[in-house]
Amino acid sequence: MKVRHFLSALEHKRVHEAIRSAEEGTSGDIVVYISHHKVADPLAAAHREFRKLKLETGTNQNNLLIFLAPKTQKIAVVGGTALHEKVGQAWWDEFLALLTRHFKEGRYTDGLIAALDQAGHALRTHFPSAPLDRTGQKDIVEE
């Protein structure tokens with residue numbers, strides 16, 4: 001898939017609002033990363049970006065990165081160690097299946113919003129907090 005097609009089909013404003021909604025009432029941060037390059041190993045690339053964006057350094061280690069590589073039609077999801085410990089592998093498998101199902105149908109925005117809603121629920125359940133100032137934080141990164 002051409003990155004341009006994916007980006008034109010993706011409703012950035014709705015995704016941005018869904019990220020903000022998912023982060024509300026939790027200490028976790030969520031980033032959607034869209035790669036403009038071909039990616040052979042999406043999980044390795046996602047881990048690199050997770051570290052590069054300093055998402056693993058959060059005090060609660062409960063941040064989440066959704067890595068999308070439309071050029072090679074690959075998806076990966078990476079979370080902090082505390083998040084992984086709380087939700088377990090079955091949750092990650094279901095999360096990825098939800099994204100994949102929507103994406104195969106060409107419903108990119110709907111898939112991301114559904115996944116972000118699921119992530120927000122998990123974060124609020126396991127990592128509730130007072131409202132945080134998130135100004136300046138990038139929640140959609142494209143490179």
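A few remarks follow.
- Complete set of residues in segment 49-71 that are of a type outside the set (Gly, Ala, Ser), open to solvent by less than 40 Å² (accessible area, probe 1.4 Å) and not in a helix (DSSP H, G or I): 62, 63, 64, 65, 66, 67, 68, 70
- Flag: residue 24 matches the condition of being open to solvent by 20 Å² or more (accessible area, probe 1.4 Å), of a type in the set (D, E, K, R) and closer than 24 Å to residue 125 by Cβ.
- Single match in 46, 76, 40 (criterion: closer than 19 Å to residue 103 by Cβ and open to solvent by 70 Å² or more (accessible area, probe 1.4 Å)): 40
- Only one of 109, 100 that is under 22 Å from residue 142 (Cβ atoms), out of contact with any Lys or Arg (no Cβ under 7 Å at 6 or more places or on another chain) and β-branched (Val, Ile, Thr): 100
- Residue pairs whose Cβ atoms lie under 7 Å apart, separated by 6 or more positions or on different chains, with the first residue in segment 89-104 and touching a residue at least 12 places away in the same chain (Cβ under 8 Å) and the second of a type in the set (D, E, K, R), are 102/110.
- Lone qualifier among 76, 44, 119 - being modelled with pLDDT of 95 or more and closer than 20 Å to residue 14 by Cα: 119
- Test: residue 116 is touching a residue at least 60 places away in the same chain (Cβ under 8 Å) and surrounded by 15 or more Cβ atoms within 10 Å (Cβ to Cβ): yes
- Among the residues here, residue 122 qualifies as open to solvent by less than 30 Å² (accessible area, probe 1.4 Å) and free of Cβ contacts under 8 Å to residues at least 40 places away in the same chain.
- Criterion (within 14 Å of the chain's Cα centre (by Cα) and at pLDDT 95 or above) met by exactly one of 99, 65, 83, 55: 65
- The set of residues in segment 17-38 being under 15 Å from residue 117 (Cα atoms) and outside any strand (DSSP E or B) consists of 17, 18, 19, 20, 21, 22, 23, 24, 25, 28, 29.
- Residues in segment 85-106 that are of a type in the set (Lys, Arg) and closer than 22 Å to residue 34 by Cα: 101, 104.
The values are calculated or read from the model by the stated rules, or taken from the named source; none is laboratory data. On a predicted model such as this, the values are computed, not experimentally measured, just so you know. Cβ atoms come from the backbone with ideal geometry, glycine included; neighbour counts cover every protein chain shown. Surface accessibility is based on the protein's heavy atoms, side chains included, excluding ligands, DNA and RNA. Shrake-Rupley method; radii C 1.70, N 1.55, O 1.52, S 1.80 Å.
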